[in-house]
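Input: a single structure, listed below in structure tokens.
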Amino acid sequence: MTTSTDHKKRVTEPAELAANLARFFNRLENHAASDPANLVLLDELAEALRQTKLRAIARAASAAKEGGDYSINHIAGILGIRKQSLHELMRKGQALLDAQRARLGVVVLRERRRARLV
């Protein structure tokens, strides 16, 4: 009898994720073309993608500060922006991460755990 732990966890490569998203967007485009009421979904997805990018930048920058594989300068170079612009994006992304953690209750859980340890 095999259990779920007997199977290796499938790793989805970023290129595969991007290809799947491209197919998804193509289907959404077709739906929006046939029923323009679906156009509002595109704005929601664009905003979700913008926020995802900002959170990813904040997380990558945090990893860079902790000695990760990429430096702040390298991340700015990848994005084709100045270091000062990257810091602004990092600040916005960190604010989104903080808000997300607060919504999920992570901050409250950490505060409770910290209070018990004192």
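Can you tell which of Val108, Leu96, Ile78 lies farthest toward the positive end of the dipole of the chain, using +1 and -1 charges on the Cβ of basic and acidic side chains (Lys, Arg; Asp, Glu)?
Towards the positive end, the residue furthest out is Val108.
Given that just one value was derived from the coordinates, which of [x] 1.16; [y] 1.26; [z] 1.44 is Cα Rg over 2.2 N^0.38 Å?
Given [x] 1.16; [y] 1.26; [z] 1.44, the calculated one carries the label [z].
To the nearest 20 debye, what charge dipole does the chain have about its Cα centre, counting +1 at the Cβ of each Lys and Arg and -1 at the Cβ of each Asp and Glu?
760 debye
Keeping all protein chains in position, work out how much accessible area His31 exposes to a 1.4 Å probe, and write it in Å² to the nearest 10.
110 Å²
Under 30 Å Cα to Cα from Lys83, which lysines show up? Leave out anything in the same chain fewer than 8 places away.
Here the lysines satisfying the reach criterion relative to Lys83 are Lys53, Lys65, Lys92.
Round to a whole number: what % of the accessible area of the chain belongs to carbon and sulfur, probe 1.4 Å?
Result for the chain: 56 percent of the exposed heavy-atom area is carbon or sulfur.
At 222 nm, what helix-only mean residue ellipticity would the chain give, in deg cm²/dmol to the nearest 500, using -39500 (n - 2.57) for each DSSP H run of four or more?
After summing the helix terms and dividing by residue count, I get -26000 deg cm²/dmol.
Are there any GluC sites (Glu not before Pro) in segment 29-118 that are in a DSSP loop and have at most 16 other Cβ atoms within 10 Å? List them by number.
Here the sparse-neighbourhood loop sites are Glu66.
Hey, what did the chain get for relative contact order, percent, Cα under 8 Å, at least 6 apart?
Relative contact order, the chain: 20 percent.
Rounded to the nearest 0.05, what FRET efficiency is calculated for Arg27 and Leu104 with R0 set to 35 Å and r the Cβ-Cβ distance?
The pair Arg27/Leu104 has a calculated efficiency of 0.70.
Between Ile78 and Lys8, what's the calculated FRET efficiency when r is the beta-carbon distance and R0 is 35 Å? Round to 0.05.
Result of the calculation: an efficiency of 0.70.
Once fully extended, how much extra length lies between Asn38 and Arg59, figured as 0.36 nm per residue of separation less the alpha-carbon to alpha-carbon distance?
Length gained, Asn38 through Arg59: 4.4 nm.
Once you place label points 7 Å from the Cα toward the Cβ at Ala18 and Leu49, how far apart are they in nm?
For Ala18 paired with Leu49, the spin-label model returns 1.2 nm.
Using DSSP to call loops (not H, G, I, E or B), can you name the trypsin sites (Lys or Arg not before Pro) in segment 21-95 whose Cβ has at most 12 other Cβ atoms within 10 angstrom?
For trypsin sites (Lys or Arg not before Pro) across segment 21-95 that sit outside H, G, I, E and B with at most 12 neighbouring Cβ atoms in 10 Å, the list reads Arg82.
I'd like to check one number: the per residue accessible area of the chain, probe 1.4 Å, reported in Å² as a whole number.
I get 82 Å² per residue for the chain.
The values are calculated or read from the model by the stated rules, or taken from the named source; none is laboratory data. For clarity, every value in this text was computed on a predicted model and none was experimentally measured. Methodologically, a virtual Cβ is constructed for each residue, glycine included, from the backbone with ideal geometry; neighbour enumeration extends over all protein chains shown. Each accessible area value is taken on the protein alone, full model and side chains, heavy atoms only, with ligands, DNA and RNA left out. Shrake-Rupley method; radii C 1.70, N 1.55, O 1.52, S 1.80 Å.
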